[in-house]
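Take a look at the structure below.
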Amino acid sequence: MERLHSLPTIVAALATHLLLQPALAQSSEQSSLPSSSSPLSALDGQFPTARDAKPLSRFEVIALRPGDQFKECAQCPEMVVIPAGEFIMGAPVDEQGSTPDERPQHKVTISKPFAVSRFPVTFTEWDACVAARGCQYLPSDHGWGRAEQPVLDLAWQDAREYAYWLSRATGKSYRLMSEAEREYVTRAGSKTAYWWGDSFIPDRANSQRRPSGPSIADGSDTHIPRVPTRPLPVDRLEPNPWGLYQVHGNVYDWVEDCWHETYDGAPTDGSAWTAGNCSRHVLRGGAFSRNPRTLRSAARLWFGDGNRMTYMSVRIARTLLQ
């Protein structure tokens, strides 16, 4: 997997940073990020090499635009800048496979840009945390290999521990995503069951029914044969329009929120819902061993904090503007 090891130098002069003020998206109606002349943007998918991975300066943060990528230490995750905007969270009653806990639908406003890891956290990244004694738990790879495979078997507290370590290692604000943020980045401006549409396409997401086969227009999956499944390396399959890989399937991501049976009373500002029964927390995204309907953008799952299942992993967020 090609990894980003450096960033272009940004002139930290006042005149320059004023010119480089980020053109933040005010709405997520478009399904792709706006074009940008930012010095951190890709050219034909390639990022220039000019600077070792290290924490961003204040001026570099100010210069970031949606779609820019950065990395703040050698073993830190690659991060993608997500635009501010708004979206409708949850699933309509007529969405095939949806459940009552995905309702009522409600508008959520993300007022500031933030960054999210381009991939689920890998074993390489997790093992660096363990080696630095920032993470206590050393999970098994179940014989599938480590390196660029997604880290597996994480409990909610393990995921938080990793975010704390990144914050200490970089001096920056790394954290778990909120549930609203996780759905927002999954949708990437879409309003359909999956970021590409309402039909499940097996070659776009690693699920229980992963092999090549027909699209599933009605949300069911009875026509695709069940086969042995396993997690894939994190850079496999097509990224969504905001450049994030495997937002549907492969592994679930823990988020910060406590579990609630419905969205009645849910925050509308994109923040985590941390009131209520916090012995259970939310997972999002679906997994390699799960049915396609559980991979939908609005689909939710909960587990107790101490549970570790093979498909439990994490994707990290970073606060950019306080």
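The values are calculated or read from the model by the stated rules, or taken from the named source; none is laboratory data. Since this is a predicted model, take the numbers as computed values, not measurements. Glycine gets a Cβ as well: all are built from the backbone with ideal geometry, and neighbour counts include every protein chain shown.
Is it true that some residue in the stretch 266-282 is in contact with a Phe, Trp or Tyr (Cβ under 8 Å, 6 or more places away or on another chain), outside any strand (DSSP E or B) and aliphatic (A, V, I, L, M)?
Within the stretch 266-282 (the criterion being in contact with a Phe, Trp or Tyr (Cβ under 8 Å, 6 or more places away or on another chain), outside any strand (DSSP E or B) and aliphatic (A, V, I, L, M)), the answer is yes, since at least one residue qualifies.
Go through A23, A84, A53, A15 for me and flag whichever is surrounded by fewer than 21 Cβ atoms within 10 Å (Cβ to Cβ), modelled with pLDDT under 95 and either within 23 Å of P120 (Cβ to Cβ) or in contact with a Leu (Cβ under 8 Å, 6 or more places away or on another chain) (or both).
Details: A23 fails: either within 23 Å of P120 (Cβ to Cβ) or in contact with a Leu (Cβ under 8 Å, 6 or more places away or on another chain) (or both); A84 fails: modelled with pLDDT under 95; A15 fails: either within 23 Å of P120 (Cβ to Cβ) or in contact with a Leu (Cβ under 8 Å, 6 or more places away or on another chain) (or both).
The match here is A53.
Counting only residues that are among the charged types (D, E, K, R) and closer than 25 Å to P267 by Cα, which one in the stretch 159-171 is surrounded by the fewest Cβ atoms within 10 Å (Cβ to Cβ)?
Filtering the stretch 159-171 for residues among the charged types (D, E, K, R) gives 160-161, 168.
From what's left, closer than 25 Å to P267 by Cα: 160-161.
Details: R160: 18, E161: 16.
In this case the residue turns out to be E161.
Of all residues being closer than 20 Å to T109 by Cα and among the hydroxyl-bearing types (S, T, Y) in the stretch 236-293, which is surrounded by the most Cβ atoms within 10 Å (Cβ to Cβ)? Just the residue, please.
Y263
Let's see how each residue does on (1) in contact with a Gly (Cβ under 6 Å, 6 or more places away or on another chain); (2) at pLDDT below 95; (3) assigned to a loop (DSSP other than H, G, I, E, B); (4) not hydroxyl-bearing (S, T, Y):
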{"site": "D158", "(1), (2), (3), (4)": "no, no, no, yes"}
{"site": "S167", "(1), (2), (3), (4)": "no, no, no, no"}
{"site": "Y184", "(1), (2), (3), (4)": "no, no, no, no"}
{"site": "D221", "(1), (2), (3), (4)": "no, yes, yes, yes"}
{"site": "V227", "(1), (2), (3), (4)": "no, yes, yes, yes"}
{"site": "N240", "(1), (2), (3), (4)": "no, no, yes, yes"}
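Quick check on the stretch 92-123: of everything there that is of a type in the set (V, I, T) and outside any strand (DSSP E or B), which residue is surrounded by the most Cβ atoms within 10 Å (Cβ to Cβ)? Give the steps one after another, and end with the answer.
Filtering the stretch 92-123 for residues of a type in the set (V, I, T) gives 93, 99, 108-110, 116, 121-122.
Filter again for outside any strand (DSSP E or B), leaving 93, 99, 121.
Values: V93: 10, T99: 14, V121: 24.
Here the answer is V121.
I'd like to verify a number: residues in the stretch 297-322 that are crowded, with 22+ Cβ neighbours inside 10 Å and farther than 26 Å from S279 by Cβ, how many?
Of the residues in that region, 2 qualify.
Is there any pair linking a residue in the stretch 54-68 that is closer than 21 Å to R168 by Cα and part of a loop (DSSP other than H, G, I, E, B) to one that is of a type in the set (K, R) and modelled with pLDDT of 95 or more, with Cβ under 8 Å and at least six apart or on different chains, and which?
That search, which allows pairs on different chains as well, returns P55/K172; L56/K172.
What are the pairs with Cβ atoms under 7 angstrom where one residue, in the stretch 183-202, is closer than 18 Å to F288 by Cα and the other, located anywhere, is at pLDDT 95 or above and of a type in the set (S, T, Y)? Sequence gap at least six, or different chains.
T186/S297; A193/S297; Y194/S297; W195/T186; W195/S297; F200/Y194
Yes or no: the stretch 133-151 includes at least one residue that is in a loop (DSSP other than H, G, I, E, B), closer than 20 Å to G285 by Cα, modelled with pLDDT of 95 or more and polar (S, T, N, Q).
Scanning the stretch 133-151, I find at least one residue that is in a loop (DSSP other than H, G, I, E, B), closer than 20 Å to G285 by Cα, modelled with pLDDT of 95 or more and polar (S, T, N, Q), so the answer is yes.
For the list (1) buried (at least 17 other Cβ atoms within 10 Å of the Cβ); (2) farther than 23 Å from L56 by Cα; (3) among the small types (G, A, S); (4) more than 20 Å from the chain's Cα centre (by Cα), I need the number of the one condition that G145 fails.
(1)
Pick out the one residue from K112, K172 that is touching a helix residue (DSSP H, G or I) at 6+ places or on another chain (Cβ under 9 Å) and either within 26 Å of L320 (Cα to Cα) or free of Cβ contacts under 8 Å to residues at least 24 places away in the same chain (or both).
Working: K112 fails: touching a helix residue (DSSP H, G or I) at 6+ places or on another chain (Cβ under 9 Å).
Matching residue, one of K112, K172: K172.
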